[in-house]
């Protein structure tokens, strides 16, 4: 076999490559399973879980390729190997008619006077939302103020998501401003420009997308 050239199908060379890939797959799969059985589902274990999953995925893809080299067929329909047929395409449901729309916009500026208290509250909120986690997991999940705000807001939830009769869509940004913020004046005419994200670094974001999409354009009359 020339360097870089694949061996013929069902040959001794392709068979040896398949045997080697199978041995690697079995070894990595056994290590992966043993590691998972030692885990308890804590957030602090996530980096190791992701690392091991990536390593296993690479070995599975290699084994699938070696089977393909040997037989010309691929036993695992991995992502990227198969194109979905018409029967595999999910047909979205017909959207409900939109009767009207309302936009609710808000902005909160938080002057952090006790960062340790904010982080501690965020870690406590994280532990209530994820009861399997322990203190070390909360330290990993909530290392600073942005993550503490996310954990606190996640625990409280978004009440508009539970409002009957609507399909809400929205977004939230947590921004560290470049310059000190001017306090709100309380005058309604000053709020239009104030209720926008300040110039700064976006440290965390969330988005909720309505499945209904924009309302239809009004028909012209004349």
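Observations on the model:
- Within region 21-40, if we keep just the residues that are in contact (Cβ under 8 Å) with a residue 24 or more places away in the chain and either in the same structural domain as residue 134 (by TED's automatic domain parsing) or under 19 Å from residue 55 (Cα atoms) (or both), the residue that is surrounded by the most Cβ atoms within 10 Å (Cβ to Cβ) turns out to be 21.
- Within region 112-127, the set of residues being exposed (fewer than 11 other Cβ atoms within 10 Å of the Cβ) and part of a helix (DSSP H, G or I) comprises 116 only.
- Yes/no for residue 180 being farther than 23 Å from residue 128 by Cα, out of contact with any helix residue (DSSP H, G or I) (no Cβ under 8 Å at 6 or more places or on another chain) and surrounded by fewer than 13 Cβ atoms within 10 Å (Cβ to Cβ): yes
- Close pairs (8 angstrom Cβ cut-off, 6 or more residues apart or separate chains): surrounded by fewer than 21 Cβ atoms within 10 Å (Cβ to Cβ) in region 128-145, part of a loop (DSSP other than H, G, I, E, B) anywhere: 132/40; 132/41; 132/42; 134/42; 136/42; 145/112
- Yes/no for residue 109 being surrounded by 10 or more Cβ atoms within 10 Å (Cβ to Cβ) and part of a helix (DSSP H, G or I): no
- Region 180-208, residues that are part of a loop (DSSP other than H, G, I, E, B) and in contact with a strand residue (DSSP E or B) (Cβ under 8 Å, 6 or more places away or on another chain): 197, 198, 199
- Which listed residue is within 30 Å of residue 145 (Cα to Cα), modelled with pLDDT under 95, over 22 Å from the mean Cα position of the chain (by Cα) and not assigned by TED's automatic domain parsing to the domain that holds residue 209, from 111, 82, 88: 111
- Filter result (over 30 Å from residue 39 (Cβ atoms) and part of a loop (DSSP other than H, G, I, E, B)) within region 131-179: 158, 163, 164, 165, 166, 167, 168, 169, 178, 179
The values are calculated or read from the model by the stated rules, or taken from the named source; none is laboratory data. Since this is a predicted model, take the numbers as computed values, not measurements. Here Cβ is always computed from backbone atoms with ideal geometry, including for glycine, and neighbour counts include all displayed protein chains.
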